[in-house]
Amino acid sequence: MNGGGGGQKKRNFQIEAFKHKVVVDPKYADKTWKILEHAIHEIYNHNASGLSFEELYRNAYNMVLHKFGEKLYSGLVSTMTFHLQTMSKCIDDAHGASFLEELNTKWSDHNKALQMIRDILMYMDRTFVPSSHKTPVHELGLNLWRDNVIHSGKIQTRLLNTLLELILRERTGEVINRGLMRNVIKMLMDLGPSVYQEDFEKPFLDVSADFYRAESQEFIECSDCGDYLKKAERRLNEEIERVSHYLDAKSEGKITNVVEKEMIVNHMLRLVHMENSGLVNMLLDDKFEDLGRMYNLFLRVPNGLSTIREVMTSHIRDTGKQLVTDPEKSKNPVEFVDALLEKRDKYDKIISLAFNNDKTFQNALNSSFEYFINLNPRSPEYISLFVDDKLRQGLKGVKEEEIEVILDKVMMLFRYLQEKDVFEKYYKQHLAKRLLSGKTVSDDAERSLIVKLKTECGYQFTSKLEGMFTDMKTSQDTMQGFYAAHGAELGNGPTLVVQVLTTGSWPTQSSITCNLPAEVSALCEKFRSYYLGTHTGRRLSWQTNMGTADLRATFGNGQKYELNVSTYQMCVLMLFNNSDCLSYREIEQSTEIPSSDLKRCLQSLACVKGKNVLRKDPMSKDIGEDDVFSVNDKFTSKLRKVKIGTVVAQKESEPEKQETRQRVEEDRKPQIEAAIVRIMKSRRVLDHNNIITEVTKQLQSRFLANPGEIKKRIESLIEREFLERDNTDRRLYRYLA
């Protein structure tokens, strides 16, 4: 203890060994080792049954205890080496197929011997080996086997060649002894990862690459794409199976990489573009199995799926472009949309059955459809006409679930439209005609579609459409009130049914009046005074171009029919109550129906076979201004009720199209202005390019805003002092509160 005081010194106690030595027989070590050496020879010679393991263990224990561990250890090394060299020679002498069997037998013998030796030398293994940093007995036995047997000059090369040759024979269809292969390769794995990898795995992968390189070249020259993919898939599965039977599990990824590289990556583009059998042909012929195989194989390699996706996308875009720009297909809107839906169904099925519902493929399909559907400026009109056709007659007798499926498909196409407001314009016109003519198959289907549109585009999009349904219901109540008030005084005259339409909700129609027959005109006036008496502050204007009428007609042969006609047709036919024969000009003068409508109206009354209640002179398909008309006394029909439709232009004519386009453009102006003001109100200051981007983004759910039009609207707002330009930077705008 350190310190200044005279403290007591601390004593250290030590225990020492006895002073007298234990005398050991100088020949003790040699004698004992001889006993143990003899035992090791007996173990290797399969004569271990006569040995006393307890005695041998004690001998080995004593040797270590008496500090002869080194002698015991080095003796073990030399004795084992001697036996392994003898084994090595036996293995080397084995011929042909017996080589592997001999190697496997000797390996099994060595392992059993090693187990017994380790049991005898357990004390050495536990004490001497760790303290003197030696290799433990079991590991020593493996290392000696590796150095004396596996790495002996002749055996090393012969073993590798034998294994590779057996695998080649198996690849070419022969049956080999997989159990033996498994044991031998398990031996290499037991000797350590480096032995398995260096002595077998690396050469195996190199040889496999050469094999598959040559085979794939041979296959691709003589197979079509589908067959080649089958062969590649089979080879891949064989290799995976081979690993599971007799190779290290870690080799699976390495060997499958080799097959993928040689059989797929190196031929990817050639396979996809293969003439008459590549990806495009598979898509055209709906080869779901081949497409699925291609998807699963290409999924395994880098850029595999993107290669398939790019080719599929460009094919869909090209064929889609052909479809929407084909003048023949554009003649019939219903066929046009059917073709689009058919195409969509086809690729939906391919993606679902062959491409594992891959999201990236679905996105590619969506972007392709959006691309080509908008190449045809009439797509919004045609989709609306398709809906019109389905809701007029196409859905008769169709189950509710199927109707929903059709409406969902329509909505899918609607989502692709960039000009959703154009669709809305047409849809509104077509819906109006359906409601007013009572031609809709199902009110539920109509409402279901409006709900879908509302979900997709919000309340504003559908509020007017819902208003149209409300008007139809209100009109029924109004008519009941009218007949309750005036029914008695109307007597046996004509019956009137009026639909009162709110101006803002229905498509704007220019108010065209025609001269109604006197008895109808008087009834209309009665209704007008009744309606305006019950509703203050409203105005009524008759839309004669949208009405229908039922007439009772008696022809020269005494035949009586009920004719269902339009209001215009009624005005024309009623003239013949007072005249046998009228010229086109006289009819035009009397009715004041616009010329284009009158011609269509007369065409349907005189030129349609089976509906020709009038005769035209001279007889031809088109109506001329000098034609003369008279009642067709010989008119007959199997039906009592004859419906005479107007010859309608299903698609809009060019001038009508221009007019609709103009109306759409006008409707867009306030929407663009509202978007600009909303953006500027929140940002206060913004430059020109950012305004264009923001406005386009805000309005894209309804239409694709034209940058030129946005610029005009900004100018207009500056004039009206909503915005101002910055004094220094002219491209910067400020919001004026």
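The fraction of Cα-Cα pairs per 5 angstrom bin, counted from 0 for the range 562-713, comes to 1, 8, 15, 14, 10, 7, 5, 5, 6, 7, 7, 6, 5, 2, 1, 0 percent, rounded to whole percents. Relative contact order of the chain: 6 percent, from C-alpha pairs under 8 Å at least 6 residues apart in sequence.
Only protein heavy atoms count here; under a 1.4 Å probe, Val685 has an accessible surface of about 60 Å². The modelled label-to-label distance for the pair Leu490/Tyr371, using points 7 Å beyond Cα in the direction of Cβ, is 6.0 nm. The C-alpha atoms of the chain define a longest principal axis, and helix 153-171 lies at about 30 degrees to it. The phi-based Karplus calculation (6.51 cos²θ - 1.76 cosθ + 1.60; θ = phi - 60°) puts the 3J(HN,Hα) values of the range 326-341 at 6, x, 5, 5, 6, 5, 10, x, 5, 5, 4, 6, 4, 5, 5, 5 Hz, whole numbers, x for Gly and Pro. To the nearest 10 degrees, how steep is helix 654-683 against the longest Cα principal axis of the chain, on a 0 to 90 scale? Relative to the chain, helix 654-683 is tipped by roughly 60 degrees. Entry comment: accessible area of the chain is 54 Å² per residue, from protein heavy atoms only and a probe of 1.4 Å.
Bridgeable lysines around Lys186 (alpha carbons under 28 Å apart, same-chain partners fewer than 8 residues away excluded): Lys89, Lys106, Lys112, Lys134, Lys154, Lys202, Lys250, Lys254, Lys261. Cross-link partners of Lys712 among lysines, defined as those whose alpha carbon lies under 16 angstrom from its own and excluding same-chain residues fewer than eight positions apart: Lys669.
For Leu723, the residues 5 or more places off, or on other chains, whose built amide H falls under 5 Å of its own are Ile718, Leu736. The alpha carbon centroids of the range 176-214 and the range 397-451 are separated by 67 Å. Note on the range 376-447: Cα-only Rg and Dmax are 11.9, 33 Å. Distances over 25 Å make up what percent of all Cα-Cα pairs in the range 508-609? Result for the distance tail: 27 percent.
When both bridge partners sit in the chain, DSSP labels roughly 85% of those beta bridges antiparallel.
Only Lys, Arg, Asp and Glu carry charge here, each on its Cβ (+1 for the first two, -1 for the last two); on that basis the range 49-121 has a dipole of about 320 debye about its Cα centre. When the residues Cys571, Cys457 are ordered by accessible surface, computed with a 1.4 Å probe over the protein chains alone, the sequence from largest down reads Cys457, Cys571. With θ taken as phi - 60° and the Karplus curve 6.51 cos²θ - 1.76 cosθ + 1.60 applied, the whole-hertz 3J(HN,Hα) list for the range 117-126 is 4, 5, 5, 5, 9, 4, 5, 4, 4, 7 Hz, x standing for glycine and proline.
Multiply the residue gap between Arg270 and Asn237 by 0.36 nm, knock off their C-alpha separation, and tell me the result in nm, one decimal place.
Values: separation 33, 0.36 × 33 = 11.88 nm, distance 2.25 nm.
Working it through step by step, the gained length comes to 9.6 nm.
By a 1.4 Å probe calculation restricted to protein chains, Trp542 has an accessible surface near 60 Å², given to the nearest 10.
Residues whose amide H falls under 5 Å from that of Arg615, counting only those 5 or more places apart or on a different chain, are Ser630, Val631, Asn632, with hydrogens built in the peptide plane.
So what is the 222 nm mean residue ellipticity for the chain from helices alone, if each DSSP H run of at least 4 adds -39500 (n - 2.57) and you divide by all residues, rounding to the nearest 500 deg cm²/dmol? It comes out at -20500 deg cm²/dmol, rounded to the nearest 500.
Orientation-averaged projection of the range 226-287 equals 4.5 nm² [convex hull of Cα atoms, one quarter of hull surface area].
Cross-link pairs exceeding 19 Å in C-alpha to C-alpha distance, out of Lys433/Lys616; Lys425/Lys464; Lys321/Lys425, comprise Lys433/Lys616; Lys321/Lys425.
For the range 108-266, the Cα-based Rg and Dmax, in that order, read 20.2, 69 Å.
State the percentage of accessible surface on the chain attributable to carbon and sulfur atoms; use a 1.4 Å probe and exclude ligands, DNA and RNA. Let's see the in-between values first.
Numbers: 19900 of 40160 Å².
Accessible surface attributable to carbon and sulfur in the chain totals 50 percent.
A simple packing score, the average count of other Cβ atoms within 10 Å per residue, orders the peptides 469-478, 403-412, 424-433 as 424-433, 403-412, 469-478, with the highest score first. Report, in whole Å, the centroid distance computed from the Cα atoms of the range 682-737 and the range 336-387. Here the answer is 35 Å between Cα centres. Sorting the segments 603-609, 513-519 by their mean number of nearby beta carbons within 10 angstrom, highest to lowest, gives 603-609, 513-519. Taking all C-alpha pairs of the range 287-402, those more than 19 Å from each other amount to 54 percent.
What per residue convex hull volume, in Å³, comes out for the range 207-335 when only alpha-carbon positions are used? Intermediate values should be presented prior to the final figure.
Working: hull volume 14.5 nm³, N = 129.
Convex hull volume per residue, Cα atoms: 112 Å³.
Taking all protein chains as shown and a probe of 1.4 angstrom, Asp285 keeps an accessible surface of around 90 Å².
What the phi angles of the range 284-299 give under the Karplus curve with 6.51, -1.76 and 1.60, with θ = phi - 60°, is a coupling list of 5, 9, 6, 7, 4, 5, 5, 5, x, 5, 4, 4, 5, 6, 6, 4 Hz, glycine and proline written as x.
Helix 53-65 and the longest principal axis of the Cα set of the chain meet at an angle near 80°. Summarising the amide proton neighbourhood of Ser583: residues at separation of 5 or more, or on other chains, whose placed amide H is nearer than 5 Å comprise Phe629.
The values are calculated or read from the model by the stated rules, or taken from the named source; none is laboratory data. All values reported here derive from a predicted model rather than from experimental measurement. Positions of Cβ are backbone-derived with ideal geometry, glycine not excepted, and every protein chain shown enters the neighbour counts. For accessibility, only protein heavy atoms count, side chains too; no ligands or nucleic acids. Shrake-Rupley method; radii C 1.70, N 1.55, O 1.52, S 1.80 Å.
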